[in-house]
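Working notes for the structure below.
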Amino acid sequence: MTFSDTDQSRIAGSATRPAVFVDGASGTTGLGIRERLAGQNDVVMKGIAEDKRKDPEAKRALMAEVDLVILCLPDEAAKETVAVIDSMGAAAPRVLDASTAFRVASDWTYGFPELSPGQPDRIRAARKVSNPGCYSTASVALLRPLVDARVLPADYPLTINAVSGYSGGGKSMIASFEDGTAPAFELYGLGFEHKHLPEIQLHSGLERRPIFVPSVGNYRQGMLVSVPLQLETIPGKPSGADLQAALARHYAGSRYVSVMPLETDAARSGRIEPEALNGTNMLELYVFSSDKHRQAVLVARLDNLGKGASGAAVQNMRLMLGLADK
C-alpha cells in the first residue's frame with residue numbers, strides 16, 4: 001500500500017499510530033465502532049467537543065489532523081461531509097462511509113473484503129470505501145459466489161427474505177420496541193424500494209432486480225437472510241451439494257465467513273435462529289437442500305450490528321490503515 005506524504009506525516013505525528021475520527025459516534029453503528037476500538041491500542045481515537053459538533057470549521061480542522069474519518073451519519077449529512085473532505089486537497093483524510101449514500105457509486109470501493117480475491121487490496125489502496133449494509137452483506141455473500149461460478153445465472157428471478165433484530169431500524173424503531181408499543185413481528189419494505197436493493201443487485205452481479213422482503217422481530221440484534229431456490233428451474237440443474245461447494249471454494253481460508261456443512265434430507269436440524277453470532281464479526285452461510293423435492297434454501301446468519309455494521313467497519317478500517325487483522 002502506498003501512502004501520500006500527508007498520510008505518512010500524520011502517522012508519524014501519532015507516534016506511528018494512525019488517528020481516526022468517528023463522525024456520528026452517538027448512533028448505533030458509531031457506538032459499536034467506538035466500543036470495538038476501545039480495546040485496540042494501535043489506533044488513536046480523535047473526538048470533537050459537543051458544542052463544536054455542528055461547527056463546520058471545527059470539524060474540518062479535526063479531519064485535517066486524522067488519517068481516516070468514519071462516517072456514521074444520515075445520507076445527506078454524509079454527502080455534505082464528503083464534499084468538505086473533497087475540498088481539502090492534500091490535507092484530506094481517507095473516508096469510510098457507513099451510510100447508503102455511496103454504496104453503488106463507481107468512484108467508491110465496496111467494503112466487503114470477501115467479495116472477491118482482490119477486494120482486500122482494493123480496500124487497502126482506496127481513499128473512499130463504502131461500508132456495506134447488513135441485509136446486503138448477507139445477500140451478496142450468498143449470491144455473488146454462485147453467480148461468479150455460473151452455478152446461478154445472473155438473470156435468474158430471485159426472492160430474498162430476511163429478518164433482523166430491531167436495533168438496525170434507527171432510534172424511533174428501537175424506542176417503539178423497547179417501550180412495548182411495537183408489534184411482535186412485521187414485514188416492511190413492501191413498496192419494492194428498500195434502500196439496500198440497488199446495492200444487493202449491483203454487488204451480487206445480478207442482471208434482474210430481486211424481490212426483497214425484509215422483516216423485523218421483537219429482539220434486539222441478530223439476522224437471518226434466506227433465498228429459496230427451485231433447483232429444477234436453474235440451468236444446469238445444480239444440486240444442493242453443488243451450491244455448497246461453490247460457496248466453500250469462494251470462502252476457503254476466510255477468517256470471518258464460514259460455509260457450514262450441507263444440510264440434506266437425511267441430516268437436517270430443520271431450524272435456525274438469528275442470535276447465535278451476536279457480538280461477533282462472523283458470518284455463517286448455510287445450504288439446506290432436498291434431493292427428493294429438488295429444492296434448496298440458502299441462509300446467511302450474522303449480527304446486524306457486527307458483520308452487518310460496526311464489526312465490518314472496523315475490519316475495513318484496519319485494512320485501510322494497513323493494520324494487522326484482529
Estimated inter-spin distance, Ala64 and Tyr188, nm [label 7 Å along Cα→Cβ]: 4.1
Nearest-20 debye value, region 74-139 charge dipole, Cβ charges on Lys, Arg, Asp, Glu: 200
Theoretical ellipticity at 222 nm over the chain - DSSP helices of four or more residues, -39500 (n - 2.57) apiece, nearest 500: -9000 deg cm²/dmol
Accessible surface of region 111-181 [probe 1.4 Å, protein heavy atoms]: carbon and sulfur percent: 51
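For a quick check of your reading of the filter: which trypsin sites (Lys or Arg not before Pro) in region 184-278 sit in a DSSP loop and have no more than 15 other Cβ atoms within 10 Å? Please list the in-between numbers first.
Details: sites: Lys195, Arg208, Arg220, Arg249, Arg255, Arg268, Arg271; in loops: Lys195, Arg208, Arg220, Arg255, Arg268, Arg271.
Here the sparse-neighbourhood loop sites are Lys195, Arg208, Arg255, Arg268, Arg271.
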For region 269-326: relative contact order, % (alpha-carbon pairs under 8 angstrom, 6 or more apart): 31
Stretch gain in nm, segment Ser290-Ala91, where the contour uses 0.36 nm per residue and the Cα spacing is subtracted: 65.9 nm
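At R0 = 30 Å, how high is the FRET efficiency between Ser258 and Ala175 if r is their beta carbon distance? Nearest 0.05 is fine.
Working: r = 34 Å, r/R0 = 1.14.
The value I calculate is 0.30.
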Positive-end residue, region 1-153 charge dipole about Cα centroid, Cβ charges, pick of Leu142, Ala58, Ala25: Leu142
Point-to-point label distance, Ala149-Met45, nm (Cα→Cβ direction, 7 Å offset): 4.0
Dipole of region 102-208, positive end: most advanced residue of Ser130, Gly180, Leu206 [Cβ charges, Cα centre]: Ser130
Taking all pairs of distinct alpha-carbon atoms in region 136-218, Kirkwood radius in angstrom: 13.9
Reachable aspartates and glutamates, given that their alpha-carbon falls under 20 Å from the alpha-carbon of Lys292 and they are not under 8 places away in the same chain: Glu232, Asp242, Glu263, Asp265
Convex hull volume of the chain per residue (C-alpha atoms, cubic angstrom): 136
Most positive-pole-ward Cα, Met282, Gln295, Ala309, against dipole of region 267-311 from beta carbon charges: Gln295
Anchor Lys326: lysines whose Cα lies under 27 Å away (excluding residues fewer than 8 positions away in-chain): Lys46, Lys128, Lys307
Cα centre as origin, Lys/Arg/Asp/Glu Cβ charges: region 193-277 dipole, Debye: 160
Aspartates and glutamates whose Cα lies under 19 Å from that of Lys59, excluding same-chain neighbours fewer than 8 positions away: Asp7, Asp23, Glu50, Asp51, Asp67, Asp75, Glu76, Glu80, Asp86, Asp97
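Per residue, how many Å² of accessible area does the chain show with a 1.4 Å probe? Let's see the in-between values first.
Values: 14470 Å² over 326 residues.
Using a 1.4 Å probe on heavy atoms only, each residue of the chain averages 44 Å².
Quick check: net charge around Ser116, other residues with Cβ under 12 Å of its Cβ, Lys/Arg +1 and Asp/Glu -1? Present the calculation step by step, with values, prior to reporting the outcome.
Working: positive: Arg122, Arg144; negative: Glu114, Asp121, Asp148.
Local charge sum for Ser116: -1.
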Under Karplus coefficients 6.51, -1.76 and 1.60, residue-wise ³J(HN,Hα) of region 240-246 in Hz, glycine/proline x: x, 5, 5, 5, 5, 5, 5
Selected from Ala162, Ala125, Ala38 as most flexible by GNM, with the chain as the system and alpha-carbon contacts under 10 Å: Ala38
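The values are calculated or read from the model by the stated rules, or taken from the named source; none is laboratory data. Nothing here was measured: the structure is a model prediction, and the numbers come from that model. Virtual Cβ from ideal backbone geometry, glycine too; neighbours counted across all protein chains shown. In case anyone asks, the SASA skips ligands and DNA or RNA and just uses the protein heavy atoms, side chains included. Shrake-Rupley method; radii C 1.70, N 1.55, O 1.52, S 1.80 Å.
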